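Asks: Handing you a structure now.
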Amino acid sequence: MLRLTRLFTKTLSFRLSLMVIAALATLLMLALIIVFVFSRKLVKEESLQDAGQTLEATVQAIDNILLNVEQSSGNIYWKMMGHINQPDKIKDYTHKLVETNPYITDCKIIWDSDSDAIDINTACWTEPSKDNTNIISFLLPIFIEQQKTGVLTVDMSLAQLSKVVLETKLSPNSFCALLGKNGSFIVYPDSSILNMNVLELVNDNPSVAEAAEDMLTGETGYKHFKFEREDFYVFYKPFERTAMSGRAMADLGWSVGIIYPEDDIFGDYNRLLYYVLIIAAVGLLLILFLCRSFIHRQFLPLRQLAISAQQIAEGRYDEPIPNSRQQDEVGRLHNHFHQMQQSLATRMSEMQQLTDTLQKRGEVLQATYEQAQGADRMKTNFLYNMSNQMTTPVNNINHYVKTVCARYHDLTEEDVNQLIHEIRLEGEKITALLNRLITDSENIINKG
């Protein structure tokens, strides 16, 4: 991590590459988001359209089976009415109906005089009973001389109905469910819950219960719900039979729903999204590598300039800088820096020569100054010594003169001559010292 941070902070090519990749990634992500949002919307709309068509086809398939049973029962009904007083003939007709129609499992007549008589006055369908969850019945009342005397009961196999309905699939994992008006399952892949109330089964799952309530109230639409940690969509509509002349059109109150796992709807979309994201990530990494390689090569003169600038900062002005073959701004900057370095090296060489010359002259001036100071000290010492040496003779002369002046009348001629002799000797000393001073000064001047 530290190495990566150092690479980011110290490598200009890496930072520029990341900036380029960040800009490309932003544009790419925005484009992908827009594309996939609209794609998901289109997939959802297509699924709704396909689900609507599948629902229509399912309703039509169920209605065709019901219509087949109704028409077969109606045909037998009118044939039996001509032999209503012939039990054997009627039995033959009922057996023939069961044999000729694969959806019918049983056919019988329940007379009003029987203990289990059925009180209906028009043709209708019944839902599965608790005693027998595998059949639904079509009931056709029998009238003799406008008097209801019994009911023709035709039982249809739900297994056959379920086979036809469940084969209608929009996707491999989708399935169809047919609910009765009381909420019981008429058709469902799991036969163990047939005739069980859907609201009792899903009371602990609000999203499924909401969809079930919409189906029971006869609404059309779709719902998203979770079941056993998986996402599903259910598309539903009321079961509506095709109106035909002579057909009993009592509302059955049934509802048809097709359940899709979300993966069946958006699975390919999600996988495509993952593939595109992986390809985009690999592409961005490849672009990062190529971009960094290109920028790294383009910035080679700058790195050489940085090294040369460091060498110049350390005082190595004569280090060679190779010319750049690039013709862009970086190449021109490199070549100009090369020219500047050569000019700087020339100026520094001239300054070094000038410094050496000035240093030599300074050394000469320093030596001259030191000689002058030495001569001045010698002169000062000489004058000091000469002054000290001349003080005594001058004082003696002054003393002898004062003595002669003060005691002129008391001194003998011999004393006066002696004093004059002493004054002459002291004067000679002073003269000798002055001559020495003049001689030494001339020697100093000649040496200078």
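The values are calculated or read from the model by the stated rules, or taken from the named source; none is laboratory data. Here the structure is a predicted model, which means the values were calculated and not measured. Because the Cβ atoms are built from the backbone with ideal geometry, glycine has one as well, and the counts that use them run over all protein chains shown.
Asks: Being assigned by TED's automatic domain parsing to the domain that holds I258 and assigned to a strand (DSSP E or B), is that true of even one residue in segment 158-173?
Replies: Taking segment 158-173 as the starting set, the residues that turn out to be assigned by TED's automatic domain parsing to the domain that holds I258 are 158-173.
Narrowing further to those that are assigned to a strand (DSSP E or B): none.
No, segment 158-173 contains no residue that is assigned by TED's automatic domain parsing to the domain that holds I258 and assigned to a strand (DSSP E or B).
Asks: Would you be able to say whether some residue in segment 230-243 is surrounded by fewer than 14 Cβ atoms within 10 Å (Cβ to Cβ), modelled with pLDDT of 80 or more and within 43 Å of the chain's Cα centre (by Cα)?
Replies: Checking segment 230-243: at least one residue is surrounded by fewer than 14 Cβ atoms within 10 Å (Cβ to Cβ), modelled with pLDDT of 80 or more and within 43 Å of the chain's Cα centre (by Cα).
Asks: Exposed (fewer than 13 other Cβ atoms within 10 Å of the Cβ), outside any helix (DSSP H, G or I), without any contact (Cβ under 8 Å) to a residue 40 or more places away in the chain and not polar (S, T, N, Q): is that true of H336 in this structure?
Replies: Numbers: exposed (fewer than 13 other Cβ atoms within 10 Å of the Cβ): yes; outside any helix (DSSP H, G or I): no; without any contact (Cβ under 8 Å) to a residue 40 or more places away in the chain: yes; not polar (S, T, N, Q): yes.
Taking the combined requirement at face value, the residue does not satisfy it.
Asks: So how many residues does segment 204-245 have that are closer than 30 Å to Q71 by Cβ and in contact (Cβ under 8 Å) with a residue 12 or more places away in the chain?
Replies: First, the residues of segment 204-245 that are closer than 30 Å to Q71 by Cβ: 215-216, 218, 220, 235-245.
Now narrow it down to the ones that are in contact (Cβ under 8 Å) with a residue 12 or more places away in the chain: 215-216, 218, 220, 235-242, 244.
Result for segment 204-245: 13.
Asks: Determine if segment 344-362 includes at least one residue that is in a helix (DSSP H, G or I), over 30 Å from S308 (Cβ atoms) and among the hydrophobic types (A, V, I, L, M, F, W, C).
Replies: Initially, segment 344-362 is screened for residues in a helix (DSSP H, G or I), giving 344-362.
If we keep only those that are over 30 Å from S308 (Cβ atoms) too, we end up with 360-362.
Now narrow it down to the ones that are among the hydrophobic types (A, V, I, L, M, F, W, C): none.
No, because not a single residue in segment 344-362 is in a helix (DSSP H, G or I), over 30 Å from S308 (Cβ atoms) and among the hydrophobic types (A, V, I, L, M, F, W, C).
Asks: For the structure I just gave you, tell me whether S174 is under 18 Å from N64 (Cβ atoms) and either in contact with a Lys or Arg (Cβ under 7 Å, 6 or more places away or on another chain) or of a type outside the set (F, W, Y) (or both). Lay out the reasoning, then the answer.
Replies: Working: under 18 Å from N64 (Cβ atoms): no; either in contact with a Lys or Arg (Cβ under 7 Å, 6 or more places away or on another chain) or of a type outside the set (F, W, Y) (or both): yes.
So S174 fails the test.
Asks: For segment 118-142, give me each residue that is exposed (fewer than 12 other Cβ atoms within 10 Å of the Cβ) and free of Cβ contacts under 8 Å to residues at least 40 places away in the same chain.
Replies: Passing the criteria: D119, N121, D131.
Asks: Moving on to the next point. Being among the small types (G, A, S) and modelled with pLDDT of 85 or more is the filter here, so list the residues in segment 244-256 that pass it.
Replies: To start, the set of residues in segment 244-256 that are among the small types (G, A, S) comprises 245-246, 248, 250, 253, 255.
Passing the criteria: only S255.
Asks: S349 fails exactly one of the following numbered conditions: (1) over 60 Å from the mean Cα position of the chain (by Cα); (2) surrounded by 12 or more Cβ atoms within 10 Å (Cβ to Cβ); (3) closer than 30 Å to I312 by Cβ. What is the number of that condition?
Replies: (1)
Condition check ((1) of a type in the set (K, R); (2) modelled with pLDDT under 85; (3) under 20 Å from L139 (Cβ atoms); (4) assigned to a loop (DSSP other than H, G, I, E, B)) across all residues:
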site: Q53; (1), (2), (3), (4): no, yes, no, no
site: I62; (1), (2), (3), (4): no, yes, yes, no
site: I65; (1), (2), (3), (4): no, no, yes, no
site: Q71; (1), (2), (3), (4): no, no, yes, no
site: M80; (1), (2), (3), (4): no, yes, yes, no
site: N85; (1), (2), (3), (4): no, yes, no, yes
site: H95; (1), (2), (3), (4): no, no, yes, no
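Asks: Can you confirm whether segment 146-160 contains a residue that is among the acidic types (D, E), out of contact with any His (no Cβ under 9 Å at 6 or more places or on another chain) and surrounded by fewer than 19 Cβ atoms within 10 Å (Cβ to Cβ)? Can you show your working first?
Replies: From segment 146-160, those among the acidic types (D, E) are 155; that's our starting set.
With out of contact with any His (no Cβ under 9 Å at 6 or more places or on another chain) added as a condition, the list becomes 155.
Imposing the further condition that a residue be surrounded by fewer than 19 Cβ atoms within 10 Å (Cβ to Cβ) reduces the set to none.
Scanning segment 146-160 turns up no residue that is among the acidic types (D, E), out of contact with any His (no Cβ under 9 Å at 6 or more places or on another chain) and surrounded by fewer than 19 Cβ atoms within 10 Å (Cβ to Cβ).
Asks: Just to be sure I understand, how many residues within segment 366-404 are surrounded by 11 or more Cβ atoms within 10 Å (Cβ to Cβ) and not hydroxyl-bearing (S, T, Y)?
Replies: Qualifying residue count for the region: 20.
Asks: Here's another thing I want to ask about it. Residue by residue through segment 259-272, note down the ones that are touching a helix residue (DSSP H, G or I) at 6+ places or on another chain (Cβ under 6 Å) and either within 15 Å of L32 (Cβ to Cβ) or in a strand (DSSP E or B) (or both).
Replies: Looking only at segment 259-272, we keep the residues that are touching a helix residue (DSSP H, G or I) at 6+ places or on another chain (Cβ under 6 Å), and these are 265, 269.
Matches in segment 259-272: Y269 only.
Asks: State whether the residues of segment 213-231 include one that is outside any loop (DSSP other than H, G, I, E, B), of a type in the set (F, W, Y) and touching a strand residue (DSSP E or B) at 6+ places or on another chain (Cβ under 6 Å). Give the steps one after another, and end with the answer.
Replies: The first filter runs over segment 213-231 and keeps only residues outside any loop (DSSP other than H, G, I, E, B), leaving 213-216, 221-227, 230-231.
Remaining after also requiring of a type in the set (F, W, Y): 222, 225, 227.
Now narrow it down to the ones that are touching a strand residue (DSSP E or B) at 6+ places or on another chain (Cβ under 6 Å): 222, 225.
Looking through segment 213-231, at least one residue is outside any loop (DSSP other than H, G, I, E, B), of a type in the set (F, W, Y) and touching a strand residue (DSSP E or B) at 6+ places or on another chain (Cβ under 6 Å).
Asks: Looking only at segment 40-53, how many residues end up being over 16 Å from G221 (Cα atoms) and surrounded by 15 or more Cβ atoms within 10 Å (Cβ to Cβ)? Before you say what the answer is, go through the steps one by one.
Replies: Quick first cut of segment 40-53, residues over 16 Å from G221 (Cα atoms) only: 40-43.
Next cut, surrounded by 15 or more Cβ atoms within 10 Å (Cβ to Cβ) only: 40, 43.
Residues flagged as over 16 Å from G221 (Cα atoms) and surrounded by 15 or more Cβ atoms within 10 Å (Cβ to Cβ) within segment 40-53 amount to 2.
Asks: Which of the residues belonging to segment 244-270 are of a type in the set (D, E) and surrounded by fewer than 11 Cβ atoms within 10 Å (Cβ to Cβ)?
Replies: Step one: of segment 244-270, the residues of a type in the set (D, E) are 251, 262-264, 268.
Within segment 244-270, no residue meets the criteria.
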